[in-house]
Amino acid sequence: MSDHLQPETLALHTGIHRSQFNEHSEAMYLTSSFVFDSAAQAAARFSGNEPGNIYSRFTNPTVTAFEERLAMLEGAEACIATSSGMSAILACVMGLLSAGDHIVASRSLFGATVNLFNNILKRFNIDTTYVSATDINSWQAAIQPNTKLFFLETPSNPLTEVSDITELSKVAKKAGIWLAVDNCFCTPILQKPLELGADIVIHSATKYLDGQGRVLGGAVLGKRDLLMDGGIYGFLRTAGPTLSAFNAWVILKGLETLKIRVEAHSANALQMAQWLESQPNVMRVFYPGLMSHPQHELAKHQQKSGGGIVTFEVKGGREAAWRVIDSARLISITANLGDAKSTLTHPATTTHARISQEARDAAGISDGLLRIAVGLEAVQDLQADLARGLS
Ligand SMILES: *Cc1c(COP(=O)(O)O)cnc(C)c1O
């Protein structure tokens, strides 16, 4: 039914499997296992000859509902839900790669992703080469005979660099490499990487998909054969970082308001970014929706709008940045993002503190940098909250 429907409609009317009670809002199935009618049916389910639920580490109806709804929004054949965004990335690499394989990744990645690649995958002989998010030639040049995966976030965290998904997918395809895009910042409302040529989309559902900072969750999306036969589902089912039914239900309901929330986050963020650009103690503002952003033209093609994250650099380094944070009364001091409540982060001493000073310098994460995940408050109230520490 769904091919012609708009995203806000899909978010309300897909993934619905009513029980015998015909509930209107989706039911939550809190059960670890499922009962079979007979020994023969149990055998048929286990052998895969009969579709159906067995055990919630494998599948659960509430989790399936979330997977179907998110798949429709991303335009994906298949979706596998995971317990967090990080376990989505882990499932992707454990499912697709083997010891001796190589990853080429953007230098501007979420801190825990860098930690996973450098400190955990490395122990299993999977090496990563980091390249510029925006320089296609550096991706091409980093390809080795054993390169299996390109991995990026766009816009990146925290500097909002925009990578050209279409161009990178051409380089990847020619070399027989999978392209995975962490679509956490944009969500499918603003950007659909699979349509632009990516093979895999990763989500931290903890962020905008839930949208109210309640639960952890994640997802891997892409072609059915790659996800289901390619080892990603197999890893999840065996190793167990599956999404709980409760969390799936919370995020499923979060998806219902995703479009209006993301559009409101984005409109507020643009106003905040323009205002920050006019502040004398702000040296630079990083926001793809600003004309001053180096990839503004690309972002205009690739994304419906700039998204909810604005990063800015204040004069006076760490001390000045911390002053802005500590003067805020409304905006929460938290490393989370994608919440209805605005959050303010000092990346150099929190989300990116575990990576070395040299790596931070290379990625451009200076001590004066602040990242605001603009929430759904009135913009004038947020401006007043920041103005106190900026003056
Ligand atoms: C938060 C985040 C993750 C990790 O997600 P969790 O749900 O916290 O595990 C991955 N990528 C990006 C871009 C994020 O912001």
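The values are calculated or read from the model by the stated rules, or taken from the named source; none is laboratory data. All values reported here derive from a predicted model rather than from experimental measurement. With ideal geometry, Cβ positions are generated from the backbone for all residues, glycine too; neighbour counts draw on all protein chains shown. Heads up: the accessible areas ignore ligands, DNA and RNA and are worked out on the full protein's heavy atoms, side chains in. Shrake-Rupley method; radii C 1.70, N 1.55, O 1.52, S 1.80 Å.
At a glance:
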item: Contour minus Cα-Cα distance for LYS341 and ARG318 (0.36 nm per residue); result: 5.9 nm
item: Alpha-carbon centroids, region 340-391 and region 58-90: separation in whole Å; result: 30
item: Cα gyration tensor shape of region 22-99, rounded if a/c is under 1.5, else prolate or oblate by comparing a/b with b/c; result: oblate
item: Cα-centre dipole for region 86-193 with unit charges at Cβ (Lys and Arg positive, Asp and Glu negative), debye to 20; result: 260
item: 1.4 Å probe accessible area per residue over region 7-255, in Å²; result: 40
item: Per-residue HN-Hα couplings for region 270-287 [Karplus 6.51, -1.76, 1.60; θ = phi - 60°; Hz; x = Gly/Pro]; result: 4, 5, 5, 5, 5, 5, 4, 4, 8, 8, x, 8, 9, 7, 8, 10, 10, 7
item: Gyration tensor verdict on region 1-155 (Cα atoms; rounded if a/c is under 1.5, prolate if a/b is larger than b/c, oblate otherwise); result: prolate
item: Set of lysines with alpha-carbon distance to LYS148 below 20 Å, sequence-local pairs under 8 removed; result: LYS122, LYS170, LYS173, LYS174, LYS223
item: Per residue convex hull volume, Cα atoms of region 259-390, in Å³; result: 103
item: Antiparallel bridge percentage (DSSP; both residues within the chain; nearest 5); result: 55
item: Quarter of the Cα convex hull surface for region 7-255, i.e. its orientation-mean projected area (nm²); result: 13.7
item: Mean Cβ neighbour count within 10 Å, used as a protection proxy, ranking 267-278, 293-304, 161-172 highest first; result: 161-172, 267-278, 293-304
item: Distance from region 182-201 to region 223-254 (C-alpha centre basis), Å; result: 18
item: Highest-first arrangement of 119-127, 236-244, where packing means the average Cβ count within 10 Å; result: 236-244, 119-127
item: With every protein chain in place, region 7-255: carbon and sulfur % of accessible area (1.4 Å); result: 54
item: Difference of contour (0.36 nm per residue) and Cα-Cα distance, ARG329 to MET228; result: 31.6 nm
item: Most mobile of ASN183, ASN146, ASN22 in a GNM of the chain (Cα contacts under 10 Å); result: ASN22
item: Relative contact order (percent, whole number), the chain, Cα cutoff 8 Å, 6+ residue spacing; result: 17
item: Sites ALA387 and SER292, calculated FRET efficiency, Cβ-Cβ separation with R0 25 Å, nearest 0.05; result: 0.75
